[in-house]
Structures are given as C-alpha cells and as structure tokens.
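The values are calculated or read from the model by the stated rules, or taken from the named source; none is laboratory data. None of the values given here were measured: they were computed from a predicted structure. So basically every Cβ, Gly included, is an ideal-geometry build from the backbone, and we count neighbours across all protein chains shown.
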Amino acid sequence: MSAQKLEVAGLFAGCGGLDYGFQQAGFDLAWANELNSDAASSYMSLTGQKVVIDDIWNVIDDVPPVDVLVGGPPCQSFSLVGKRLEADPRGNLVFAYQRAIERVKPMAFVMENVPGLMASRIDGQRLPLYLAEQFTKMGYEVSILKLLATDFFVPQRRQRVLMVGHRSKRRSFTLVTSEDFAQIIGEPTLRGVVTVADALNDLPIPLPKRSRSGTQYVSSPHSAFSRLMRRDAENQVTLQTMPTMSALDMEFVKYIPPGGNYTSIPDAISTKRIMSFKSSGGRTTTYGRLHPDKPAYTINTFFNRPNVGANYHHIEERLITVREAMRLQSFPDHFTPSYTSQRSLHMQVGNAVPPLMARAIAESVRKLF
C-alpha cells in the first residue's frame, strides 16, 4: 500500500468512469483490467494509468494487494438451479469479481451493476443477496444500494445498483450528502437537480459529420455544472459533431416538442412501429426529446438513434452529439475517448459509470478509512 494514498484496483474498467471518480477523490489507481482495447486506450487517456488488456480469468491472480477493489462486471439476467456456479458461463464474470475479492481481501470493495444483477437468481435466491452472504462470511459489512445519478449532480435519471463491502471496525458506510459533495468538488453553488440546459447550453454548434477536430467554445461557462465540466479543458471541445440522421428521423423531430415523444408524430408519417406504440401506450422515451428544465433519461449505448431513448436535442432539430452525451454522463470536456468505430465510441460512453456519481461513491468509501 502506498504511504501517500489508498490504492485501488479496477476490474472491467471500461473507459474509466468509475476508476476516474476514485482518482479524483485522491485514490491511487494501482492496477486495472479491461478486455476491449479501445476502452483500455480511453482509460489510459482519461486517467494516465496503464491497463492490462486481457480476459479477467487470465489475469485474476495478478491483481495486486490493494486497499479497495472496484468494478462493474457485466451481468445478463440468469437463473441457476442446482448447478455449480463456476460451470455456468452466463454469470461467470460476476463470480470472477467474487474470486478477486476472496484472493485480494481488500479493506473495501465496490461492485456496480445494472438490473441484470438484481434479476438473477441462484436456487431461488436473488444474486445480490447470495453474494452479500458470501462476502459477509469473509468478514465484510455489506450494503446494497439503489442509486440515482441525479442525486450526485449528474444531469441524467440513471439508476444503478451498488454493492459496497468493507472491513472497518470503527465506521459504517454512509453516502456523502449532496451539500458536502458540492463543497468537495469545488462548486458550492450546485444545488438540487442539474438540468439538460445547465449541462448543454454552452456547447458550440456541431461541426460537420465525422469531424475529429475540436471546435471553440462560443461563450463562457453558463452554469456551475458547465464550469465543472470545462475545468482543465483548452478553449475548444472535441466530438461536438453532427450526428447521422435519416430523412424520416429529421422529419419526426419537427413535430416533437421538448419533453415530448412519439405521440406527437402525425399518424400520416408514423411507421408501423410507432403506430403500434400509439395503440398500446408506454415506451415514453421512444423518439423522445430532451426537456431543457429536466435531467435526461438514461444515456444508453444507442444514443445515436431516436427510437431507443430520449435522444433528440432540446433546442435544435437533431440528435445529441457524442460530446453532449458525455456531458450528460458528466465526463470532463478535456477527455476524448479512443475509438476505431462509431459503435465503439457510443458503447464506451453509454456503458460508463458517470464520473461524478463515481466520485461521490469514492468520497463515501474514503470516509471508511
């Protein structure tokens, strides 16, 4: 362990959202693993730290002794009944994380995941409860939390399931308050929910499609959130480029007001799928348009499509840019991910833990020490 900082190892690191939050909270990123080479390159760009690019099962015995282990193992919903866990391939990445904790025995760990974790069962027992029992037997005090990103100034209604375990004998895990968090990140005027307008309205008009050059800001930061995102950035921002849109998608958005969705699209130009939604109801984010005075819905890996979320811009008649998606995820403007395809870029951004949310978790874990 470093004499100066608490050390962290990151598994399933992605482009680095979770680990970067811990780094910003003063932890030392001692080791990280990621299978995807694009994401690993982005991680190095964001954090300045190297990544071991390999299948986790090939390197699990190489995870060094650290104070904190973090990661979000991918988890498809599954059910195991009377089977040996290690023999079932559907959930093995979750159990790789469990094995890493068993071997490293960190003072604390954070496992982040999405509803697949909650929906999975082992012999009728929910997977999180099963894992919590295993970690408790190892001497950890375990908390299972459902978190909302907006509680940590992320302008997005993103929900996450978090499992935190620790072996502190003196303290219990408690989340940092929003008031304290605003002070910690150096923006004490941040209060309540950060809106789409707070997040995006200082960004310049998008450059032509596929441009990899930067474009200059046209105004000063207009909100505490935009000021936070622009720290350490030069006087320009990357990935603010016009998304690709079909002629029909461009026609649809003309009829959708801010905060609206497919229900505003005239029947005369609606597709069969849209008409089916209209008759059955639900799917409120389909062909959705952002509302300037509210946070965004979850930014997923298909934010370049209007039919898989509320991805239309709140002012302009277009889809959001990659940079705008990154703002809604709370990635700093100085960060430009590495990518070999647009799909790779969208997956990295949409799969990431919002860095501000990650930092709030890290600051909360820090209190245990």
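When the stretch 325-336 is examined, which residues are found to be crowded, with 24+ Cβ neighbours inside 10 Å and either more than 20 Å from residue 148 (Cα to Cα) or aromatic (Phe, Trp, Tyr) (or both)? Please lay out each step first, then the result.
Pass one, the stretch 325-336, residues crowded, with 24+ Cβ neighbours inside 10 Å: 325-331, 333.
Within the stretch 325-336, 331, 333 meet the criteria.
If I ask for residues that are under 14 Å from the mean Cα position of the chain (by Cα) and either in a strand (DSSP E or B) or of a type in the set (Gly, Ala, Ser) (or both), which ones from the stretch 316-369 would you list?
Residues satisfying the conditions are 325, 330, 350, 352, 358, 360.
Do we find that residue 275 is in contact with a helix residue (DSSP H, G or I) (Cβ under 9 Å, 6 or more places away or on another chain), farther than 23 Å from residue 251 by Cα and assigned by TED's automatic domain parsing to the domain that holds residue 209 in this structure?
Working: in contact with a helix residue (DSSP H, G or I) (Cβ under 9 Å, 6 or more places away or on another chain): yes; farther than 23 Å from residue 251 by Cα: no; assigned by TED's automatic domain parsing to the domain that holds residue 209: yes.
Answer is no for this residue.
Is it the case that some residue within the stretch 46-66 is of a type in the set (S, T, N, Q), closer than 25 Å to residue 350 by Cβ, at pLDDT 95 or above and more than 17 Å from the chain's Cα centre (by Cα)?
Within the stretch 46-66, the first condition is being of a type in the set (S, T, N, Q), and the residues that meet it are 47, 49, 58.
Going one step further and asking which of them are closer than 25 Å to residue 350 by Cβ, we end up with 47, 49.
Narrowing further to those that are at pLDDT 95 or above: 47, 49.
Subsequent filtering for residues that are more than 17 Å from the chain's Cα centre (by Cα) retains 49.
Checking the stretch 46-66: at least one residue is of a type in the set (S, T, N, Q), closer than 25 Å to residue 350 by Cβ, at pLDDT 95 or above and more than 17 Å from the chain's Cα centre (by Cα).
Here's the yes/no breakdown for (1) closer than 29 Å to residue 357 by Cβ; (2) outside the structural domain of residue 327 (by TED's automatic domain parsing):
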position	(1), (2)
178	yes, yes
188	yes, yes
220	yes, no
224	yes, no
232	yes, no
237	yes, no
248	no, no
270	no, no
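Against the condition of a type outside the set (Phe, Trp, Tyr), part of a loop (DSSP other than H, G, I, E, B) and under 17 Å from residue 359 (Cα atoms), how does residue 50 come out, does it pass? Spell out the reasoning first.
Values: of a type outside the set (Phe, Trp, Tyr): yes; part of a loop (DSSP other than H, G, I, E, B): yes; under 17 Å from residue 359 (Cα atoms): no.
For residue 50, the condition - of a type outside the set (Phe, Trp, Tyr), part of a loop (DSSP other than H, G, I, E, B) and under 17 Å from residue 359 (Cα atoms) - is not met.
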